[in-house]
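Participant: Quick one: the structure is below, and I'll ask about it shortly.
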Amino acid sequence: MAVAAAGITAVTVAAILLPNANASQTPSTSARTPSATTLSAASAGELAARFASRFGESVAGSYYDASKKQLVVNVVNGDEDVADLVRKAGGLPLLVEHSGAELDAAAKKLKQRATIPGTSWAVDPVTNQIQVTADSTVTGAKWDKLEAVVESLGAGTARIEKSADRFTLMVAGGDAIFSARSRCSLGFNVVRNGAPAFLTAGHCTVGNRNWSDRPGRAPIATAQATLFPGRGDFALVTYNNPNTVAPSTVNLGGGRSLRIVRAANATVGQTVSRMGSTTGLRSGRVTALNATVNYPEGTVTGLIRTTVCAEPGDSGGAMFSGNGSAIGLTSGGSGNCRTGGTTFFQPVTTALAAVGATLGTG
């Protein structure tokens, strides 16, 4: 039995490690307690996904420690065997109180009881809590209701933060795109069924089908699929000329560009950049995944929360990493690029799968 158990452990660790065999690894202090693997943010995201798939409810999220280049994995108290497997596979286990299932159940209660415009929430893996944020419009009876719901979730399950700004959609990316009534930003060029197209924010195309690259010019593209509000904020817009050259790059300003070679999921703690037609190139850090935002126009779920600033007109713009990974599309947030703020992004991987498109290759 001891031999069989050892074999199972070896297979489990190998299944997690093998796809990431090229990552550099710091020397082990002993055969029994290997140190955490040194990882890039992209490799950490891939390893985090494998941990979540392999260990299920024993793992309650993870985050990337950029200073140490390590993946910190939350393991529920009592699952020391899983913590040992995480350590052997290159992660840094951290024992926590709340399981992922408990936090998900708490988030569902928030949705049922506290869907108030001007609020947002997401699981913060660093504190093993749900971070609830209320903007400046949440006052009086709305605040009292929100506070009561958070308290009902149980001590230490969630916390409330107050924002002095308002959650708004960033309508006013890469390059600017224009409809008769709005200005937004182009996210990423894509291909669907062999035809060139691009992704942008869904709220940009609600009621705005035709888009041009200059204000007042004839349309060059037409919105074909839009999701907003609901389980995302994205749109597919196809170029009217099927011979349009649509390079898979992001304009960085100053004559510079970055080639986009892949779509990738975000990792908490990862440094990312955003390009928008109002505020240009900005950078920040991913702070949460699967965030819910209650905009005045409706509730959107499944978003990436970041510290990257944005302003009206940046909606739909590209969020990416320095290695050429497309990560998100600007949705909305609070604050501005003078005082800072919080911005939410639609995951690119989800949008691509929903519309049946792939990144452009020009």
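Participant: So residue 306 passes all but one of these: (1) in contact with a Ser or Thr (Cβ under 6 Å, 6 or more places away or on another chain); (2) over 21 Å from residue 66 (Cα atoms); (3) hydroxyl-bearing (Ser, Thr, Tyr). Which condition number does it fail?
Facilitator: (2)
Participant: Another question about this same structure. Would you call residue 96 crowded, with 16+ Cβ neighbours inside 10 Å, more than 21 Å from the chain's Cα centre (by Cα) and over 19 Å from residue 43 (Cα atoms)?
Facilitator: It is true that residue 96 is crowded, with 16+ Cβ neighbours inside 10 Å, more than 21 Å from the chain's Cα centre (by Cα) and over 19 Å from residue 43 (Cα atoms).
Participant: Ok, one more. Which count do you get for residues in the range 334-362 that are in a strand (DSSP E or B), farther than 19 Å from residue 199 by Cα and not hydroxyl-bearing (Ser, Thr, Tyr)?
Facilitator: 4
Participant: Another question, if that's okay. Somewhere in the range 238-246, is a residue at pLDDT 95 or above and closer than 24 Å to residue 295 by Cα?
Facilitator: no
Participant: Keeping to the range 231-247, report how many residues are of a type in the set (Phe, Trp, Tyr) and crowded, with 21+ Cβ neighbours inside 10 Å.
Facilitator: Counting residues in the range 231-247 that are of a type in the set (Phe, Trp, Tyr) and crowded, with 21+ Cβ neighbours inside 10 Å gives 1.
Participant: When the range 76-91 is examined, which residues are found to be among the aliphatic types (A, V, I, L, M) and either in a helix (DSSP H, G or I) or modelled with pLDDT of 95 or more (or both)?
Facilitator: 82, 83, 85, 86
Participant: Could you list, in sequence order, all residues of the range 102-134 that are touching a helix residue (DSSP H, G or I) at 6+ places or on another chain (Cβ under 8 Å) and farther than 27 Å from residue 77 by Cβ?
Facilitator: 113, 114, 116, 118, 119, 134
Participant: Right, something else. Residue check: is residue 228 under 19 Å from residue 276 (Cβ atoms), at pLDDT 95 or above and surrounded by fewer than 24 Cβ atoms within 10 Å (Cβ to Cβ)?
Facilitator: The answer is yes for residue 228.
Participant: Taking the range 248-288, which residues are part of a loop (DSSP other than H, G, I, E, B) and either in contact with a Gly (Cβ under 6 Å, 6 or more places away or on another chain) or surrounded by fewer than 20 Cβ atoms within 10 Å (Cβ to Cβ) (or both)?
Facilitator: Hits for the range 248-288 are 248, 254, 255, 260, 261, 265, 267, 277, 278.
Participant: Still on this structure, I have one more. Looking at the structure I just gave you, is residue 99 in contact with a Phe, Trp or Tyr (Cβ under 8 Å, 6 or more places away or on another chain) and either hydroxyl-bearing (Ser, Thr, Tyr) or assigned by TED's automatic domain parsing to the domain that holds residue 272 (or both)?
Facilitator: no
Participant: Continuing with this model, one more query. Looking for something of a type in the set (Gly, Ala, Ser), buried (at least 22 other Cβ atoms within 10 Å of the Cβ) and outside any loop (DSSP other than H, G, I, E, B) - is there at least one such residue anywhere in the range 190-198?
Facilitator: The answer is yes; a qualifying residue exists.
Participant: Moving to a separate point now. Against the condition within 17 Å of residue 161 (Cβ to Cβ) and charged (D, E, K, R), how does residue 84 come out, does it pass?
Facilitator: no
Residue by residue, here is whether (1) farther than 27 Å from residue 261 by Cα; (2) outside any loop (DSSP other than H, G, I, E, B) holds:
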| site | (1), (2) |
| --- | --- |
| 48 | no, yes |
| 52 | no, yes |
| 63 | no, yes |
| 68 | no, no |
| 94 | yes, yes |
| 104 | yes, yes |
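Participant: In the range 311-362, what count of residues is obtained for those that are surrounded by fewer than 23 Cβ atoms within 10 Å (Cβ to Cβ) and aromatic (Phe, Trp, Tyr)?
Facilitator: Residues meeting the conditions: 0.
This table checks each residue for (1) closer than 19 Å to residue 249 by Cβ; (2) at pLDDT 95 or above.
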site	(1), (2)
288	no, yes
306	no, yes
314	yes, no
323	yes, no
327	yes, yes
356	no, yes
361	yes, no
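Participant: Out of (1) modelled with pLDDT under 95; (2) surrounded by 16 or more Cβ atoms within 10 Å (Cβ to Cβ); (3) in contact with a strand residue (DSSP E or B) (Cβ under 6 Å, 6 or more places away or on another chain); (4) not aromatic (Phe, Trp, Tyr), the odd one out for residue 162 is which?
Facilitator: (2)
The values are calculated or read from the model by the stated rules, or taken from the named source; none is laboratory data. Bear in mind that the values here come from a model prediction, so they are computed numbers and not experimental data. All Cβ positions, even for glycine, are placed from backbone atoms using ideal geometry, and neighbour counts span all protein chains on display.
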